Structure formats: C-alpha cells, structure tokens
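Below is one structure, written out as structure tokens; comments come after it.
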Amino acid sequence: MTTKPAQVNNPSWRALEPSLSEVGRKYPNFPPAVLLKTDVQRRGVTYSPEALAQVDPARHMTTIRSNYYDSDRPIPISLTLNDGTSVYLEGFLADSHREPYLVDHDGQNAYLVDQGQALGQVTYWEKPAFYDKRTKSGKPMWQIVSARPQRHTIHPKQYCDFWKLKGQGCKFCAMDANYRKNRKDPRLSIPDIVETIAEALKEPGSSQSLFLTGGSLLTLPPNQKSPEPLSGALSEALPDPLEGELELYLGILKALGALFKSPKFPSQLIATAFNGKQLKRLYDETGLMSYTADLEVLNERLFDWICPGKSKLIGYRGWKERLYRAAEIFGPGNVNTGIVGGVELARPKGFATEGEALGATLAEAKELIENGVWVVSCVWRVLEGSVFFGQKTPSLDYYAALSLGLNKLRQEANFSVDLDNYRRCGNHPDTDLARA
Amino acid sequence: METTLNREIIELVNSPGTIKILGTVDADGAPRLAVKESLRVNGQGLLEYDELIETSETNRNVLRALWFGGTVRALLVTPGGNSHWILARPVKTLVSGELFRKRYEAIRASGRDLDLGAVWILEPISFFENGLEKRRLEEEAKHPLLRHLDRLAVV
C-alpha cells in the first residue's frame with residue numbers, strides 16, 4: 001500500500017509564497033518544530049512505502065471514529081515531533097494547492113521530508129490498550145472514545161442538526177459528508193461511553209483530560225427543512241432548542257462523574273453556545289471544568305456567511321455574550337472559543353488580504369480576551385465534502401503571525417492555556433507557543 | 001574532555017547517593033538550577049530525567065534549548081564532595097506512550113503523590129571532573145604564575 005499526493009493545481013506554487021525556511025528567518029523566535037507542524041497541517045502528508053511498512057496496527061494508532069474523519073486503514077492517525085509537539089492529521093493527506101510533506105523511514109526513525117531534506121524526526125502515535133476491547137454491547141471501544149497524547153475524546157453526537165436545514169451548515173465543515181459516508185450511529189450510548197472511559201482509566205498516565213464535543217443538537221419542529229423557519233422557530237413555539245443538547249451532555253458528564261473521587265475532574269466541552277441558565281447547570285451539576293463554544297471566525301459579516309445556522313440561531317453578538325457569561329461561571333482562563341484559522345480569507349466574501357484578515361482577527365480576539373474568553377486557532381484544512389472544498393488556505397507566514405498574535409494577547413492577559421494545551425488537543429500551533 | 005560517558009561517570013549518574021543538579025538558562029539568559037533526583041543514563045548512553053512539574057521554569061528552559069539548539073549542564077556531586085559536570089543537548093521529550101507510562105508507573109509506585117509532565121532525553125556533549133583537588137593540580141600545572149608567594153616562601 002502506498003499513499004499518493006493529490007494533484008497540485010499549480011506546479012509553481014512554491015514561487016508564490018514564502019517557504020518554511022524563509023518564514024523561520026522572518027520569525028527567529030518562533031519554535032522551528034511548531035512552524036514545521038503548522039506547515040505540515042497546512043500542506044498535508046503522504047507516506048513512503050518504507051514509512052508505511054513500519055506502521056504496526058497492534059502498536060500504533062490507525063483507527064479513529066470522529067465527527068470529521070473515520071478510518072481503519074493502516075495509516076498513522078497522527079505524528080509527534082521530538083519536542084512533544086503533536087502533528088494532528090487524522091490521516092489528512094494533502095490539499096490541491098501545495099505538495100504535501102513526505103513521511104519517510106530510514107529503518108530506524110521516521111522523518112518529515114520536503115524536497116529531499118529531512119526536517120524533523122517523528123513517531124507514530126501509540127495506541128492505548130482499550131482500543132482492542134469491546135463494550136458489553138459489542139461495540140469496539142475505539143469507536144466510542146479516541147485518544148490523543150493526554151486526552152480522551154468523546155463525540156457523543158456524530159451529526160450536526162444544522163445540516164438537516166438546507167444551507168445552514170458551516171461552510172468549512174465536513175461533518176455531514178463524513179456521517180453520510182460512514183453510515184454510523186448518530187449517537188453514542190451513555191453506558192458505552194462510561195464503560196470505555198472506565199477501561200481507559202485503567203491505563204496509568206494515559207490521559208489528563210476528558211473531552212466532549214459533537215454536532216449541534218437542535219429541537220426543531222417536525223419536517224423543518226428550509227432555512228427560513230429556523231429563526232422563527234427558535235424564537236417561539238418550542239422550548240429552548242438547545243435543551244436537548246444540554247441534557248445530552250448533562251447526562252454523560254453526570255455518569256462520568258461517578259468514575260472520579262473529586263467533584264470536579266479535568267474536562268472540556270465544546271458545544272453550541274448555551275445561555276446563562278444552561279451554563280450554570282453544566283457547571284453546578286457536573287464535574288466539568290472548562291467550556292468552549294466555537295465562533296469559528298472572528299467577524300460578524302463572515303460569521304453570518306460561513307456559519308449561517310449558528311448566525312440564525314444565536315447570532316454573532318449573542319454567541320459572544322454567551323461566551324462572556326460562561327467565563328463568569330467557569331472562571332477566566334477556563335473558557336475559550338475556537339477559530340478555523342484562515343477561513344476568514346475564504347473566497348469570495350473573505351478579507352481581501354492576509355494583512356487585513358490578521359488585523360481584524362487579532363482586534364476581535366483582544367475584545368474577547370478582555371471579557372475573559374481566549375481564542376484558540378487551528379489550521380484550516382480544506383476538507384472534502386465541505387462547501388469550501390477546493391479553496392486555497394493562507395500562507396505559512398499568515399499562520400505564524402496569527403499564532404504569535406494570539407499567544408501575545410494571552411500572555412499580556414496572563415491567561416493559562418491548560419485546557420487546550422499542546423498535549424491535550426495538540427491541534428493548535430498558538431497554544432504550542434505557550435510551552436516556553 | 002570526552003563525549004561518550006565512561007563507566008565511572010555512568011555509575012556516578014546512576015548512583016542514588018549522587019546529588020544531581022540541572023542547570024538551564026531562561027529566555028533572558030538568567031541561570032536556573034534545579035535538583036533532578038531522577039537523572040540517569042539509559043541503555044543508549046543518553047541522559048534521561050523525569051520532569052515532575054509540567055509548567056516548571058526548568059521544563060520551559062530545556063524545551064527552549066531543544067527548540068533553538070541550546071544546551072544544559074548537569075552537575076553531579078558525590079557524597080565525598082567530589083563533583084563532575086556533563087554538558088548535554090536536549091534531543092527528545094516524551095509526553096505519552098510506552099516509556100512515559102513506565103516512568104509514570106514507577107513514580108506512582110514510589111508512594112509519593114507525584115505526577116509526570118515529561119521524560120526528557122539529553123545527549124551528552126562532554127563531561128569533566130570538577131573536584132577541587134583535581135582542579136587545583138590542573139591549575140597549578142597550567143598556570144604556575146598564579147599562586148601566592150607565601151605558599152612557596154621559606155621565611
């Protein structure tokens with residue numbers, strides 16, 4: 001088996017943007033390993049036959065079931081650089097605008113290679129023991145909980161209800177396509193989740209955090225399929241449309257709480273933006289210690305365009321207000337909001353230049369952090385099945401400047417990134433910078 | 001100076017009676033010293049230690065050394081007061097996986113309620129005996145002019 005790079009649209013793409021080494025020289029204090037990780041996430045990877053021959057599914061993590069990606073092929077789910085930096089890939093191979101990095105193996109070690117030059121030694125993520133076990137209901141545990149270097153991830157709801165409403169899904173998101181492609185159960189059962197986490201906790205030192213996220217769960221009128229009734233339905237007729245999502249997470253977190261001797265346990269929930277009353281219940285009734293509701297893009301006009309369902313349901317300003325309320329409840333530093341770094345430059349309505357996008361994003365991030373909510377960024381990977389599939393992501397220079405800017409804002413505000421640090425999610429170059 | 005640790009220094013590093021201090025520098029160049037009881041030589045002749053405090057200044061400094069090509073220095077002091085140092089380069093940190101787990105289990109089995117932030121692997125660059133008697137003899141051999149006359153006087 002080999003993996004092949006996707007066809008690159010423009011063979012001269014390297015001449016159109018600064019290279020890894022050029023960006024490194026421009027930002028001499030940017031850790032080279034984190035810059036490499038950023039570029040690998042931007043460009044993707046392919047594997048040499050020698051690298052794939054070293055993959056041992058009995059030892060390495062090669063299976064995953066998540067909202068965005070499902071695989072049981074013998075390809076590493078992700079890589080770790082020598083400094084402990086995760087290069088989170090979920091098997092992502094390449095986009096169509098730039099050549100991917102090559103993962104090669106010399107018989108002793110694996111390396112990330114570009115144009116024949118080895119740029120960083122990597123290891124394949126190791127598989128926890130519970131991956132090979134099944135729940136009492138017969139489900140493979142790896143389909144219930146996935147592992148990152150120090151986090152156990154649960155995706156209780158594998159489908160987003162915004163996609164049930166025509167045109168209301170977020171345009172960068174491939175959750176709907178992934179769900180349809182893999183024909184999986186839309187929901188995980190709470191007993192399966194608790195049983196799997198209990199098994200995972202038997203492996204000492206394997207996790208510092210439990211993490212829950214899933215697609216939005218909306219309580220909507222029967223047969224609602226068009227976008228127009230959404231706003232009306234949300235403002236009348238029904239009880240709060242997020243009550244079902246709240247109850248889902250309350251149920252899971254309460255059940256998981258029985259596994260711990262302390263009332264609170266290191267944990268993170270990424271959910272739709274709940275109102276104050278709902279957030280208070282989450283905090284008071286469960287062991288949850290941190291909360292995230294992703295704005296995805298820090299601009300109201302672009303939020304309305306890129307995240308139409310979220311916009312109609314809560315709105316950009318309403319979303320921010322709910323985040324600020326969450327920070328009051330969970331405490332400063334324990335609430336953040338994720339952005340898909342670079343999506344603010346999506347065509348045709350995104351910012352015209354990288355400079356304009358960077359300035360606007362950091363200004364908005366400053367306002368958020370002044371209200372107790374810090375911003376965490378991931379690298380926009382243009383996913384097959386998303387509305388934005390085929391778009392071109394920004395330059396490496398842009399991502400370096402964005403990471404430095406977000407990290408500086410947090411440092412100035414003295415905010416910890418513990419809830420989303422380098423070995424929990426591992427998908428955020430900007431929080432990697434907080435390590436030193 | 002030698003670049004491969006010899007048997008004597010390996011035994012010294014691995015002896016529980018040796019006091020082991022790791023020296024690093026912060027981003028502003030200020031030195032930082034920390035006792036690292038767990039410093040040891042592994043089967044590949046590399047130094048290893050367990051970082052028990054994930055956000056410690058030492059952990060940050062060692063990481064910065066790895067990122068930007070810097071070095072750290074281990075000072076070893078024997079129960080008899082003799083001392084050696086090892087100059088080393090951080091080459092890898094383990095934050096999960098099999099070796100991390102083994103070290104975590106060993107730390108938990110010690111009975112102390114400790115956690116593990118990382119296992120660091122350092123490549124020795126050089127080492128040197130730094131004991132007073134050895135250094136005094138070297139100093140007098142290399143710099144015979146640098147001594148007080150009264151030490152030589154017969155009056």
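The values are calculated or read from the model by the stated rules, or taken from the named source; none is laboratory data. Worth saying up front: this structure is predicted, and the values here are computed from it rather than measured. Cβ atoms come from the backbone with ideal geometry, glycine included; neighbour counts cover every protein chain shown. Accessible surface areas use protein heavy atoms only, side chains included; no ligands, DNA or RNA. Shrake-Rupley method; radii C 1.70, N 1.55, O 1.52, S 1.80 Å.
Hey, can you tell me all the residues within the range A:377-422 that are within 14 Å of another protein chain (Cβ to nearest Cβ) and under 13 Å from the mean Cα position of the chain (by Cα)?
Residues satisfying the conditions are A:N421, A:Y422.
Which of the numbered conditions does B:I121 fail, given that it passes all the others? Conditions: (1) in contact with a strand residue (DSSP E or B) (Cβ under 7 Å, 6 or more places away or on another chain); (2) farther than 26 Å from A:A33 by Cα.
Answer for B:I121: the failing condition is (2).
Being more than 9 Å from every other protein chain (Cβ to nearest Cβ) and without any contact (Cβ under 8 Å) to a residue 40 or more places away in the chain is the filter; apply it to the range B:42-68 and report the residue that is most open to solvent (accessible area, probe 1.4 Å).
Once the filter is applied, the top-ranked residue is B:Q44.
Scan the range B:18-38 and tell me whether some residue there is open to solvent by less than 80 Å² (accessible area, probe 1.4 Å), assigned to a helix (DSSP H, G or I) and touching a residue at least 12 places away in the same chain (Cβ under 8 Å).
The answer is no; no qualifying residue exists.
Mind listing whichever residues of the range A:361-382 are assigned to a loop (DSSP other than H, G, I, E, B) and crowded, with 20+ Cβ neighbours inside 10 Å?
Within the range A:361-382, A:G372, A:V373, A:W380, A:R381, A:V382 meet the criteria.
For the range A:142-179, give me each residue that is more than 20 Å from the chain's Cα centre (by Cα) and over 20 Å from A:G244 (Cβ atoms).
Selection gives A:K166, A:G167.
How do the pairs read when you match residues in the range A:193-208 that are more than 14 Å from chain B (Cβ to nearest Cβ) and hydroxyl-bearing (S, T, Y) with residues anywhere that are crowded, with 19+ Cβ neighbours inside 10 Å and not in a loop (DSSP other than H, G, I, E, B), using Cβ under 7 Å and keeping only pairs 6 or more apart or on different chains?
A:T196/A:F130; A:T196/A:M141; A:T196/A:V145
Suppose we filter B:S96, B:S83 for residues that are buried (at least 17 other Cβ atoms within 10 Å of the Cβ), more than 10 Å from every other protein chain (Cβ to nearest Cβ) and not aliphatic (A, V, I, L, M); which single one remains?
Selected residue: B:S83, the only one of B:S96, B:S83 that is buried (at least 17 other Cβ atoms within 10 Å of the Cβ), more than 10 Å from every other protein chain (Cβ to nearest Cβ) and not aliphatic (A, V, I, L, M).
Within the range A:426-436, work out how many residues are more than 13 Å from chain B (Cβ to nearest Cβ), under 24 Å from A:I154 (Cβ atoms) and not polar (S, T, N, Q).
Counting residues in the range A:426-436 that are more than 13 Å from chain B (Cβ to nearest Cβ), under 24 Å from A:I154 (Cβ atoms) and not polar (S, T, N, Q) gives 1.
Name the strands (runs of 3 or more DSSP E) wholly within the range A:1-112 that hold at least 3 residues that are within 14 Å of chain B (Cβ to nearest Cβ)?
Qualifying strands (runs of 3 or more DSSP E): A:78-81, A:86-88.
If you take the residues of the range B:101-128 that are open to solvent by less than 70 Å² (accessible area, probe 1.4 Å), of a type in the set (A, V, I, L, M) and within 14 Å of chain A (Cβ to nearest Cβ), which of them is nearest to B:L76 (Cα to Cα)?
Checking each candidate, the answer is B:L122.
Determine whether the range A:60-74 contains at least one residue that is modelled with pLDDT of 95 or more, among the basic types (K, R) and open to solvent by 20 Å² or more (accessible area, probe 1.4 Å).
So far as the range A:60-74 goes, no, none of its residues is modelled with pLDDT of 95 or more, among the basic types (K, R) and open to solvent by 20 Å² or more (accessible area, probe 1.4 Å).
Just checking, does the range A:149-156 include any residue being surrounded by fewer than 19 Cβ atoms within 10 Å (Cβ to Cβ) and within 14 Å of chain B (Cβ to nearest Cβ)?
No, the conditions are met nowhere in the range A:149-156.
Here are the criteria: (1) farther than 29 Å from A:N82 by Cβ; (2) touching a strand residue (DSSP E or B) at 6+ places or on another chain (Cβ under 9 Å); (3) among the hydroxyl-bearing types (S, T, Y). Tell me which single one A:S386 does not satisfy.
(2)
Would you check if B:G131 is surrounded by 14 or more Cβ atoms within 10 Å (Cβ to Cβ) and in contact with a helix residue (DSSP H, G or I) (Cβ under 7 Å, 6 or more places away or on another chain)? Break it down into steps so the answer makes sense when it comes.
Details: surrounded by 14 or more Cβ atoms within 10 Å (Cβ to Cβ): yes; in contact with a helix residue (DSSP H, G or I) (Cβ under 7 Å, 6 or more places away or on another chain): no.
Answer is no for this residue.
Every residue in the range B:69-114 that is among the aromatic types (F, W, Y) and within 17 Å of the chain's Cα centre (by Cα), please.
Of everything in the range B:69-114, just one residue is among the aromatic types (F, W, Y) and within 17 Å of the chain's Cα centre (by Cα), namely B:W85.
Applying the selection to the range A:200-222, what residues are in contact with a helix residue (DSSP H, G or I) (Cβ under 7 Å, 6 or more places away or on another chain) and not hydroxyl-bearing (S, T, Y)?
A:A200, A:E203, A:P204, A:G205, A:L210, A:L212, A:G215, A:L217, A:L218, A:L220, A:P221
Among the numbered criteria (1) under 21 Å from the mean Cα position of the chain (by Cα); (2) surrounded by fewer than 23 Cβ atoms within 10 Å (Cβ to Cβ); (3) touching a residue at least 24 places away in the same chain (Cβ under 8 Å), which single criterion is violated by A:L282?
Against the list (1) under 21 Å from the mean Cα position of the chain (by Cα); (2) surrounded by fewer than 23 Cβ atoms within 10 Å (Cβ to Cβ); (3) touching a residue at least 24 places away in the same chain (Cβ under 8 Å), A:L282 comes up short only on (1).
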